[in-house]
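The values are calculated or read from the model by the stated rules, or taken from the named source; none is laboratory data. Treat the numbers as computed from the prediction; the structure is a model and nothing was measured. Note that each Cβ is placed from the backbone with ideal geometry, even for glycine, and that neighbours are counted across all protein chains shown.
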Amino acid sequence: SASQYFTALHASLCNVISCSVSGSSPELLRELSESQKPTKGKEIWLAFKDVAALLNKLLSQLETFMFTRKCPFPHVVRAGAIFIPIHVVKEKLFPKLPGASVDQVLQEHKVELRPTTLSEEKLLRDLELKSCTSRMLKLLALKQLPDIYPDLLNLHWHDSVKQQLG
């Protein structure tokens, strides 16, 4: 299914990045992390084996979701545009990243999360997000996910480096 394919691509990307980090020497990692501002670093992990190809596949999958209007995540449609709750990004895709870091990426991209209407909130809760707080149900336009996704992967890389260096 589209959902499994996307999830598999996402998991592969995160794994390749984590494994590349754990396979690097602490000296190299220290050098890389010190020479990079937290927002930079993409050029390092994009050079890892298969990452660029996987990322392209994943981004084109997101394009397909927008084009076909079929989204594998809980979502609502407004004026023909698909919106997903920020919960999907913070809890499903990048559960290990601190919420504040994700918020910072959103700010850097000037992404505004929109509040759900009562009927949208009910719909999302009925789908699978029963215990979600209203804040986590705030909506992200799906078309903005491809813009922020590489930066979220970048956070994942920095997070992996930090864990590796202890």
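Results, tabulated for the structure shown:
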item: Flag if Pro74 is under 27 Å from Asn56 (Cβ atoms), touching a helix residue (DSSP H, G or I) at 6+ places or on another chain (Cβ under 7 Å) and assigned to a helix (DSSP H, G or I); result: no
item: Residue among Lys57, Lys122 that is exposed (fewer than 12 other Cβ atoms within 10 Å of the Cβ) and either in a helix (DSSP H, G or I) or modelled with pLDDT of 95 or more (or both); result: Lys122
item: Qualifying residues in the range 39-53 (those that are crowded, with 16+ Cβ neighbours inside 10 Å and under 21 Å from Val105 (Cα atoms)) - the one modelled with the lowest pLDDT; result: Gly41
item: Search result, residues across the range 94-112 that are part of a helix (DSSP H, G or I) and touching a helix residue (DSSP H, G or I) at 6+ places or on another chain (Cβ under 6 Å); result: Gly99, Ser101, Val102, Val105
item: Output for the range 8-36, where each listed residue is part of a helix (DSSP H, G or I) and free of Cβ contacts under 8 Å to residues at least 40 places away in the same chain; result: Ala8, Ala11, Asn15, Val16, Cys19, Ser20, Glu27, Leu28, Glu31, Glu34, Ser35
item: Boolean, Ser33 is polar (S, T, N, Q) and either in contact with a Phe, Trp or Tyr (Cβ under 9 Å, 6 or more places away or on another chain) or closer than 14 Å to His156 by Cβ (or both); result: yes
item: Unmet criterion (only one of (1) in contact with a strand residue (DSSP E or B) (Cβ under 9 Å, 6 or more places away or on another chain); (2) in contact (Cβ under 8 Å) with a residue 12 or more places away in the chain; (3) surrounded by fewer than 19 Cβ atoms within 10 Å (Cβ to Cβ); (4) farther than 12 Å from Leu142 by Cα) for Thr117; result: (2)
item: Matching residues in the range 90-111 - criterion: being in contact (Cβ under 8 Å) with a residue 24 or more places away in the chain, under 18 Å from Leu59 (Cβ atoms) and surrounded by fewer than 18 Cβ atoms within 10 Å (Cβ to Cβ); result: His109, Val111
item: Only listed residue being at pLDDT 90 or above and outside any helix (DSSP H, G or I), chosen from Ile82, Ile148; result: Ile82
